[in-house]
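See below for the structure under consideration.
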Amino acid sequence: MEYYSKQISQLAEQLASLPGIGAKTAQRLAFHMIDMPEEKVEKLAETMVKARKTIRYCRECFTLTDQELCPICANEQRDHRTIMVVENPRDMSAYEKTGKYEGVYHVLHGAISPMLGIGPSDIRLKELMHRLEKDVDEVIIATNSSLEGETTAMYISRLVKPTGIKVSRIASGVPVGGDLEYIDEVTLLRALEGRVEL
Ligand code: ZN
């Protein structure tokens, strides 16, 4: 039996399909939207569509951007010879928030996970190796300290080592299984400064 109009149920269902939004929250959001001024809802929908249409991957580091090159890759003040490898754009922004890292990034968009059937060719590894053909001094592996993150780190170090480029791994101190984006800036900085060469 339908308690509410079909549109509200549909809206709630759509919202519930988003990550981290359960049925209850979805329903609350749906009712909230109904109460919002129409222009505000239009603005929200428009922003979502526009973002989806214009945002793409940076040609160099594969983070999300609305330009061909993201602001970090386009910045000549950054040290383009130091590349920090992260799993996703959220990890990248976590490091950016520290304001202390001057190199550039490479976003893998995932990590190797034999259990989930995610192999090296499913993440942006080939693209990383391609970047290493240019002048690069160091690759800092900042994947998460989860099993997948460690597997990926090991795999990358094995790929990079034969090139003679220095490979390092951010220090532990980042809690095991911890997602980088939830770790405070001080801990992130300590992990970066205490990185060990592989
Ligand atoms: Zn970039």
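The values are calculated or read from the model by the stated rules, or taken from the named source; none is laboratory data. Bear in mind that the values here come from a model prediction, so they are computed numbers and not experimental data. Every residue, glycine as well, gets a Cβ built from its backbone with ideal geometry; the counts of neighbours run over all protein chains shown. Please note that ligands, DNA and RNA were not included when accessible areas were found on the heavy atoms of the full protein model with its side chains. Shrake-Rupley method; radii C 1.70, N 1.55, O 1.52, S 1.80 Å.
A few remarks follow.
- Residue list for the stretch 71-80, filter: within 9 Å of the ligand (Cβ to nearest atom) and either exposed (fewer than 12 other Cβ atoms within 10 Å of the Cβ) or within 18 Å of the chain's Cα centre (by Cα) (or both): Pro71, Ile72, Cys73
- Count of the stretch 93-107 residues which are within 13 Å of the ligand (Cβ to nearest atom) and not small (Gly, Ala, Ser): 5
- Test result for Glu68, of a type in the set (D, E, K, R) and open to solvent by less than 80 Å² (accessible area, probe 1.4 Å): no
- Test: residue in the stretch 138-148 that is closer than 18 Å to Ile183 by Cβ, touching a residue at least 40 places away in the same chain (Cβ under 8 Å) and either surrounded by fewer than 20 Cβ atoms within 10 Å (Cβ to Cβ) or within 16 Å of the ligand (Cβ to nearest atom) (or both): yes
- When Lys97, Lys126 are screened for being farther than 18 Å from Cys58 by Cβ, in a helix (DSSP H, G or I) and not aromatic (Phe, Trp, Tyr), only Lys97 passes.
- Options Phe62, Phe31: the member that is crowded, with 20+ Cβ neighbours inside 10 Å, aromatic (Phe, Trp, Tyr) and in contact with a helix residue (DSSP H, G or I) (Cβ under 8 Å, 6 or more places away or on another chain): Phe62
- Qualifying residue in the stretch 110-120 (condition: open to solvent by 20 Å² or more (accessible area, probe 1.4 Å), under 23 Å from Thr65 (Cα atoms), outside any loop (DSSP other than H, G, I, E, B) and of a type outside the set (Asp, Glu)): no
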